[in-house]
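Contents: one structure, followed by commentary.
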Amino acid sequence: MQTIKETLRSTVHVTFDGRVIKQFHGPKAHERFLNEVKVLRYLESKSCLFVPRLLEVDESHLKIVTTSCGSRIEHLDKKRQKELFDDLEEYGVHHDDPDMRNVTYRHQDGRFCLIDFEFATILNEKNESVFQK
């Protein structure tokens with residue numbers, strides 16, 4: 001297992017079989033964990049193919065296991081980067097951290113992907129709650 005990220009907010013490992021294990025810690029860890037799970041489930045329900053798929057959710061350890069979306073990239077022009085995050089909004093999600101570190105490249109299908117949804121916002125969530133009252 002290879003550690004690919006270790007920060008105040010999370011630790012991310014990639015297993016030898018390609019799964020990604022993300023453990024949340026630090027400030028508001030439980031809130032960020034729940035948000036990422038909610039957003040990934042929402043995107044899966046919308047058949048968004050350029051984000052990770054949840055494989056396991058362990059709330060007691062604030063850990064998720066997802067499919068791999070490839071490897072991080074070193075460079076992508078700003079126009080293409082903006083297009084990727086705009087494409088995500090067509091699925092009803094605003095990333096809230098549209099940084100290069102959250103873009104990967106999946107060699108299997110030649111697709112740029114987006115990762116790290118702990119701060120993302122489901123755009124129609126507020127409208128849906130208004131109609132549910």
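The values are calculated or read from the model by the stated rules, or taken from the named source; none is laboratory data. Every value quoted in this text rests on a predicted model; they were computed, and no experiment measured them. Note: ideal-geometry Cβ built from the backbone for every residue, glycine included; neighbour counts use all protein chains shown.
Condition test on LYS38, is it more than 21 Å from THR121 (Cα to Cα) and of a type outside the set (Phe, Trp, Tyr)? Give the derivation first.
Details: more than 21 Å from THR121 (Cα to Cα): no; of a type outside the set (Phe, Trp, Tyr): yes.
So LYS38 fails the test.
What are the residues in the stretch 1-22 that are closer than 18 Å to ASN102 by Cβ and either in a loop (DSSP other than H, G, I, E, B) or modelled with pLDDT of 90 or more (or both), if any? Selection gives THR7, LEU8, ARG9, SER10, THR11, VAL12, HIS13, VAL14, VAL20, ILE21, LYS22. Residues being β-branched (Val, Ile, Thr) and within 14 Å of the chain's Cα centre (by Cα) are represented in the stretch 84-98 by at least one member.
All conditions in (1) farther than 23 Å from LYS5 by Cα; (2) modelled with pLDDT under 95 hold for LYS46, with the sole exception of (2). Among the residues of the stretch 46-61, just one is surrounded by fewer than 16 Cβ atoms within 10 Å (Cβ to Cβ) and touching a residue at least 60 places away in the same chain (Cβ under 8 Å), namely LEU49. Would the stretch 28-37 turn up any residue that is surrounded by 12 or more Cβ atoms within 10 Å (Cβ to Cβ), in a strand (DSSP E or B) and within 11 Å of the chain's Cα centre (by Cα)? No, every residue in the stretch 28-37 fails to be surrounded by 12 or more Cβ atoms within 10 Å (Cβ to Cβ), in a strand (DSSP E or B) and within 11 Å of the chain's Cα centre (by Cα).
HIS13 satisfies every condition listed in (1) farther than 17 Å from ASP109 by Cβ; (2) crowded, with 18+ Cβ neighbours inside 10 Å except (2).
Scan the stretch 58-84 for residues that are part of a helix (DSSP H, G or I) and under 12 Å from CYS113 (Cβ atoms) and report the count. Explain how you work it out, then say what you get.
Going residue by residue through the stretch 58-84, those that are part of a helix (DSSP H, G or I) are 59-61, 78-84.
In the following step, the residues that additionally are under 12 Å from CYS113 (Cβ atoms) were identified as 84.
The total comes to 1.
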